[in-house]
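> Below is one structure. I have some questions about it.
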Amino acid sequence: MAKAAKKAKLDKDGLTVLGLERLVQIALDEAALNPSFKKRLNAALAGIGGAAGMAKLIDSRLTMLEKSRTRIRWQKERAFGNDLESISASIVKEFGAVDPGMALERLIRFVFGYEGIAERVNDSSGRIAGIYGQACEAAGRLAQAMSAEKQAQIPVLITPALGGMDYHGFKTLLAVRVAAVLPPDVLKVWDETLAAAMEIPAGTSFLPAVVYVRRAIADARGDLDAYVAIEEALPEPLREPTIIAERLHAAGRYAEALIWVRKHRKSRIGFARRADILRGDMKPLPDKERLEAAILDGLKDRSASQALRWKVFEQGLDAGMLREYIAKAGDFEEFEALDKAFAFVEVHPSPHAALRFYLAWPRLDLAARYVVARADAWEGEFYEFLRPAAEAFEEDHPAAATVLYRALLDRIIGRGLSEAYGYGADYLATLSALAARPGGNDGLMPHDAFVAGLRKEHGRKYGFWELVPPEIIAPNRAAARKARQDNR
């Protein structure tokens, strides 16, 4: 049997096999159908004549984009997005290959025009914003490809747009990406310019763009002192002391880190820029107590760090913090600490918090015993974790599973949650199966009595009972009826 020919891939090697003439014809056919692709080809052709011709073409497209005020209806959003992608690609790939400096100027102009675009298009899918986010990333690559002499001129192009708030975040993102690749001497001068222009309006809850860029410059220069100084210059409500403490801790500057981590962070309105969301830069704040304990460890103050860990464990039954406490405990101390911790959990006033701890540790045996001992304490409102707990108990601890499934079922049928009757019927079926297993009802009301109680109290909730098979409602009666039918 003849061997099948190897399938060519859509890559450089595969397209090379097609040959120049065929590729040219495909490109012309696509240009006739796709206006955005045609514009991209025209930009590439303009580049053959040098940077000036390409600059004229790109400037013309940018001017048209900036002058237009027409609202983009949803039917035309896709084509509009294609056109924006074409402009960005022409600047980055075609113009960037000819003159990265001139290309970056146009890319900055393109990105800084996002606010006008955002007013014209709905962009519920985020595709348009994604194009601008990618352009910001490309700005850093273009800046890196420029000569040192031209790199020194980049801040002059960006700084005028950094005054005030950048509500969408793309101006800031572009500046941050460019700052990451500029040489230290250029960054030093740029930061001095931004520092002189940095003004925080009184009573504002939001940081202006210049603060984010100055932070990025400090990071690019590896200057932690400058980063801390920027934070100290901010009004107290806008500071992020735990972030500074985390950075100082990472640098081994524990005494300073302890001062910062113990500073109070005032709560304020949260504000997420679209650019931050797109690039996945929405990081949670460091865990203040864990960070403080780690800093105390760095200062060799073991008694203080362990006392803090135990305090946090007691406040929220934090299993992770108890693990850290045990890991830092001395030889043979861990056993005493565990006994003390479990004794504390056993008498905790919130049974649901205690159960969460046992499950997180994990000690399913202790959790199961705890659940059965407090069979009347469980509230089906906490189904988000009671249901997984019941499922975890099914194999080895059927009585504990029974308790939790009954609590879940009681909530559904007791409150008449008709939309959840299907779940309730499944729970009752599971309870029937658990009752048939050894230990399934140990220390609990018998299953038949439980079902009879449900029928007596909620017998009129026909929508629920219609979903339950007869053999589950009254297994003995169903079996007898089946036997009589078989005998006939």
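The values are calculated or read from the model by the stated rules, or taken from the named source; none is laboratory data. Keep in mind it's a predicted model, so treat the numbers as computed, not measured. Using ideal geometry, Cβ is built from the backbone for each residue, glycine included, and neighbour counts are taken over all protein chains shown. All accessible areas refer to the heavy atoms of the entire protein, side chains included, with ligands and DNA or RNA removed. Shrake-Rupley method; radii C 1.70, N 1.55, O 1.52, S 1.80 Å.
> Within segment 311-379, which helices (runs of 4 or more DSSP H) (wholly inside it) include 1 or more residues that are surrounded by fewer than 13 Cβ atoms within 10 Å (Cβ to Cβ) and more than 27 Å from the chain's Cα centre (by Cα)?
Numbers: elements: 319-328, 333-346, 351-360, 364-373.
In segment 311-379, 319-328, 333-346, 364-373 are the helices (runs of 4 or more DSSP H) which contain 1 or more residues that are surrounded by fewer than 13 Cβ atoms within 10 Å (Cβ to Cβ) and more than 27 Å from the chain's Cα centre (by Cα).
> Among the numbered criteria (1) open to solvent by 60 Å² or more (accessible area, probe 1.4 Å); (2) outside any helix (DSSP H, G or I); (3) at pLDDT 95 or above, which single criterion is violated by A255?
(2)
> Can you name every one of the helices (runs of 4 or more DSSP H) wholly within segment 57-142 that holds 1 or more residues which are over 28 Å from L182 (Cβ atoms) and open to solvent by less than 10 Å² (accessible area, probe 1.4 Å)?
Details: elements: 77-89, 100-112, 114-118.
In segment 57-142, 77-89 are the helices (runs of 4 or more DSSP H) which contain 1 or more residues that are over 28 Å from L182 (Cβ atoms) and open to solvent by less than 10 Å² (accessible area, probe 1.4 Å).
> Right, next: Just the residues that are of a type in the set (S, T, N, Q) and crowded, with 16+ Cβ neighbours inside 10 Å, please, taken from segment 395-439. Reasoning before the result, please.
At the first step, the residues of segment 395-439 found to be of a type in the set (S, T, N, Q) are 402, 418, 430, 432.
Scanning segment 395-439 gives T402, T430, S432.
> Additional query: Among the residues of segment 380-394, are any modelled with pLDDT of 95 or more, surrounded by 19 or more Cβ atoms within 10 Å (Cβ to Cβ), assigned to a helix (DSSP H, G or I) and of a type outside the set (A, V, I, L, M)?
Yes; the residues of segment 380-394 include at least one that is modelled with pLDDT of 95 or more, surrounded by 19 or more Cβ atoms within 10 Å (Cβ to Cβ), assigned to a helix (DSSP H, G or I) and of a type outside the set (A, V, I, L, M).
> OK, next. Just checking, how many residues over segment 144-169 are open to solvent by 60 Å² or more (accessible area, probe 1.4 Å), of a type outside the set (K, R) and part of a helix (DSSP H, G or I)?
Final tally of qualifying residues: 7.
> Please go through segment 179-194 and pick out each residue that is open to solvent by 40 Å² or more (accessible area, probe 1.4 Å) and part of a helix (DSSP H, G or I).
P184, D185, K188, V189, E192, T193
> Sort out which residues of segment 91-126 are within 15 Å of E137 (Cα to Cα) and small (G, A, S), and write them in order of number.
Residues satisfying the conditions are G96, A103.
> In segment 159-191, which residues are acidic (D, E) and free of Cβ contacts under 8 Å to residues at least 60 places away in the same chain? Even if it seems obvious, please write down each step before you answer.
To start, the set of residues in segment 159-191 that are acidic (D, E) comprises 166, 185, 191.
Correct list: D185, D191.
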